[in-house]
1. When you check ASP65 against the structure, is it charged (D, E, K, R), without any contact (Cβ under 8 Å) to a residue 40 or more places away in the chain and loosely packed, with under 14 Cβ neighbours inside 10 Å, yes or no?
2. Please identify the pairs in which a residue from the range 280-291 that is farther than 20 Å from GLY260 by Cβ has its Cβ atom under 8 Å from the Cβ atom of a residue that is of a type in the set (A, V, I, L, M, F, W, C), counting only partners at least 6 apart or on another chain.
3. If you take just the helices (runs of 4 or more DSSP H) that sit entirely in the range 294-365, which of them hold at least 3 residues that are modelled with pLDDT under 50 and open to solvent by 80 Å² or more (accessible area, probe 1.4 Å)?
4. All but one of (1) closer than 26 Å to PHE115 by Cα; (2) open to solvent by 60 Å² or more (accessible area, probe 1.4 Å); (3) touching a residue at least 12 places away in the same chain (Cβ under 8 Å) hold for ASP83; which doesn't?
5. Could you look through the range 185-235, keep only residues that are hydrophobic (A, V, I, L, M, F, W, C) and over 24 Å from ALA163 (Cα atoms), and pick out the one that is nearest to the chain's Cα centre (by Cα)?
6. Output the residues belonging to the range 86-106 that are open to solvent by less than 40 Å² (accessible area, probe 1.4 Å), in a helix (DSSP H, G or I) and not hydrophobic (A, V, I, L, M, F, W, C).
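The values are calculated or read from the model by the stated rules, or taken from the named source; none is laboratory data. These figures come from a predicted structure and were not determined experimentally. We place every Cβ from the backbone using ideal geometry, glycine too, and count neighbours over all the protein chains shown. Accessible surface is based on the protein model in full, side chains and every heavy atom, while ligands, DNA and RNA are left aside. Shrake-Rupley method; radii C 1.70, N 1.55, O 1.52, S 1.80 Å.
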Amino acid sequence: MDTNLRFSMLNRDLPGAKDRTAKDPIIAREVQYYEENFSKVETVDDLLNDYRLYTFVLKTMGLEDMSYAKGMVRKALVEGTEDPGALANTLKDRRFRDLAEAFPFNKDGTIKGKFDWDSKALDRRMALWSNTPGQEIDDVDRLAKYYQLKMPRDVLFSTQILADPALYEIITVAFDVPEDIINGPKSERIDWFDENIDIEELKKPAELKDTIAKYRDNLEVREAERAKGIVEQYIQVSFEEEEGEQNDGVRLALNFQRTGGNIRSAYEILGSPALYQVVRTVLGMSESMVGTDIDNQAAVINEKFDIKKFQDPEEVEKFVKKFVILYDAQTGTGGAPTVQLFAGNPIAGISESALTAVNALKFGG
């Protein structure tokens, strides 16, 4: 079956097709293993040393081909994306940035979400009183105790909340503080807290309990949504790989359909083998360009296509449709039904004039 026909058939019921993949016993077992064991990961080495989890994570992020590069993966994970100089931000391959954002770790290798009780910014008395010697207390329970001890006793100004990691964690989650405020300038955080947080109200016993309840609920919802998103992406990638076993063009088209809208630069295309093959096919870039100067290739892509158009779903759809037709033509599927529509001679395959006509399809209007 030719690429265009198979791709079109799948798109008539993508949810159903992916659901069949999810029910595959092998896929289901790996999903179950992830759901039961990722919560036990405390450090980056816990992840790297668990072959099944490590493979699951890399496959989810489209990085299976980099499974041998554990050192590089480790560096990308622990450095994160906050520092412009972090490895994930300096690589042309966007997949590493996506990996670091989806699975955040601290610089010391501990997984984010594990609270740093050794932080010098904490009130040492409250950190001591919220702990029970000889017992392993869950971070959420200890944070709740710390908050209920500290908040009514010492807090007068919003700047005190911003300066205390434990209080800040509770408040930002409980009140769904927007990401742009959390990651923005300190002055904007202060303004937001002054406008939205009534400190004296929060000190009341009923409000203390209510804030902790909202913190626990929101934390649970966030984790459930994150885990669901990871599993759905793993199933999607598995679905694409299954299709690729029969026709790699279908895999490439499905991948581009899913990720094309996230492309922001030609360098991101060059950093992804799958995206690069689709773009090179559609833009008619010659085989001889593969492996040549990256800046030169980026310039050619930018000259042939306005990358900003990928932010329009209709443009992504046009691009994929053009790819599936050209893929069959260039891989010699001359007898495929779609290709025959363009071919002057179905036995000889697609004609040069027809291929030129397909390549001349216009984007953006």
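1. Numbers: charged (D, E, K, R): yes; without any contact (Cβ under 8 Å) to a residue 40 or more places away in the chain: no; loosely packed, with under 14 Cβ neighbours inside 10 Å: yes.
For ASP65, the condition - charged (D, E, K, R), without any contact (Cβ under 8 Å) to a residue 40 or more places away in the chain and loosely packed, with under 14 Cβ neighbours inside 10 Å - is not met.
2. Here the result reads MET289/VAL300, each pair linking the range 280-291 to a residue that is of a type in the set (A, V, I, L, M, F, W, C).
3. none
4. If we test ASP83 against (1) closer than 26 Å to PHE115 by Cα; (2) open to solvent by 60 Å² or more (accessible area, probe 1.4 Å); (3) touching a residue at least 12 places away in the same chain (Cβ under 8 Å), just (3) comes out false.
5. Just the residues of the range 185-235 that are hydrophobic (A, V, I, L, M, F, W, C), to begin with: 190, 192-193, 197, 199, 202, 206, 208, 212-213, 219, 221, 224, 227, 230-231, 235.
This time we only want the ones that are over 24 Å from ALA163 (Cα atoms), so: 206, 221, 224, 227, 230-231, 235.
Values: ALA206: 39, VAL221: 18, ALA224: 16, ALA227: 12, ILE230: 8, VAL231: 12, ILE235: 14 Å.
Among those residues, the one meeting the criterion is ILE230.
6. Taking the range 86-106 as the starting set, the residues that turn out to be open to solvent by less than 40 Å² (accessible area, probe 1.4 Å) are 86-88, 93, 95-96, 99-100, 102-103, 105.
Of the ones still in play, those that are also in a helix (DSSP H, G or I) are 87-88, 95-96, 99-100, 102.
The one that is open to solvent by less than 40 Å² (accessible area, probe 1.4 Å), in a helix (DSSP H, G or I) and not hydrophobic (A, V, I, L, M, F, W, C): ARG95.
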